[in-house]
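Structure, as structure tokens:
The values are calculated or read from the model by the stated rules, or taken from the named source; none is laboratory data. These figures come from a predicted structure and were not determined experimentally. Ideal geometry is used to build each Cβ from the backbone, glycine not excepted, and the neighbour counts take in all protein chains shown.
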Amino acid sequence: MIQVAIIMGSSSDFPVMKAAKEILDELGIDSDVEVVSAHRTPEKMMTFAKNAASKGYRVIIAGAGGAAHLPGMVASLTTLPVIGVPIKSSNSIDGWDSILSILQMPNGIPVATVALNASKNAGILAARILSISDSKIKLNLENYAEKMKDDVEKSGKNLY
């Protein structure tokens with residue numbers, strides 16, 4: 001079953017958002033990737049958000065640059081957890097417009113927000129959310145953390 005939806009406002013966001021897909025694949029979690037623009041396809045965005053839970057999604061990762069309304073608008077239309085990925089896009093103000101648009105949501109419409117262009121962290125956070133009720137995902141996350149620890153220790157030995 002596909003548990004995570006990865007959406008973005010434009011196909012030009014995919015180079016940033018593909019890291020979410022890659023880490024979810026590595027952790028054994030199926031995901032869908034789709035372009036859903038809050039501004040250019042608002043009806044598609046509304047339909048997607050309203051039907052996401054009934055399609056079996058349990059978490060939505062939404063990346064957006066510039067005004068970055070996609071994560072917040074989707075969160076306003078579903079009770080599923082939404083993780084926002086601010087993207088430094090070509091029309092961005094050094095990424096701050098995206099960060100603040102996603103981060104500064106009004107009370108009642110939460111969006112978990114990761115760092116600028118940090119879709120890998122969004123994927124890991126989605127996995128952590130899913131691991132609450134899935135022991136296989138929990139084990140995969142534990143193995144991933146152990147591998148990171150080993151990689152850090154090996155890198156320290158290669159300094160000189």
Quiz item: Is segment 90-102 home to any residue that is aromatic (F, W, Y) and at pLDDT below 95?
Solution: yes
Quiz prompt | Test set (1) surrounded by fewer than 19 Cβ atoms within 10 Å (Cβ to Cβ); (2) under 13 Å from the mean Cα position of the chain (by Cα) - L24 fails condition number | solution = (1)
Quiz prompt | Set G84, G63, G123, G72: member being at negative phi, surrounded by 22 or more Cβ atoms within 10 Å (Cβ to Cβ), in contact with a Lys or Arg (Cβ under 8 Å, 6 or more places away or on another chain) and of a type outside the set (F, W, Y) | solution = G123
Quiz prompt | Those residues of segment 51-75 which are β-branched (V, I, T) and more than 15 Å from A122 (Cα to Cα), in sequence order | solution = V74
Quiz item: How about segment 75-96: which of its residues are of a type in the set (D, E, K, R) and out of contact with any strand residue (DSSP E or B) (no Cβ under 8 Å at 6 or more places or on another chain)?
Solution: D94
Exercise. Return the residue satisfying two criteria in turn: it lies in segment 126-135 and is touching a residue at least 40 places away in the same chain (Cβ under 8 Å) and not small (G, A, S), and of such residues it is surrounded by the fewest Cβ atoms within 10 Å (Cβ to Cβ).
Key: I129
Quiz item: Does S54 qualify as being more than 15 Å from the chain's Cα centre (by Cα), surrounded by fewer than 24 Cβ atoms within 10 Å (Cβ to Cβ) and closer than 18 Å to G108 by Cα?
Solution: no
Practice problem: Keeping to segment 81-90, report how many residues are in contact (Cβ under 8 Å) with a residue 40 or more places away in the chain and part of a strand (DSSP E or B). | Solution: 3
Exercise. Say whether the condition of being free of Cβ contacts under 8 Å to residues at least 60 places away in the same chain, surrounded by 13 or more Cβ atoms within 10 Å (Cβ to Cβ) and not in a loop (DSSP other than H, G, I, E, B) is met by at least one residue in segment 136-156.
Key: yes
Exercise. Check off (1) surrounded by 13 or more Cβ atoms within 10 Å (Cβ to Cβ); (2) polar (S, T, N, Q); (3) at pLDDT 95 or above; (4) in a loop (DSSP other than H, G, I, E, B) for N107 and give me the number that stays unchecked.
Key: (1)
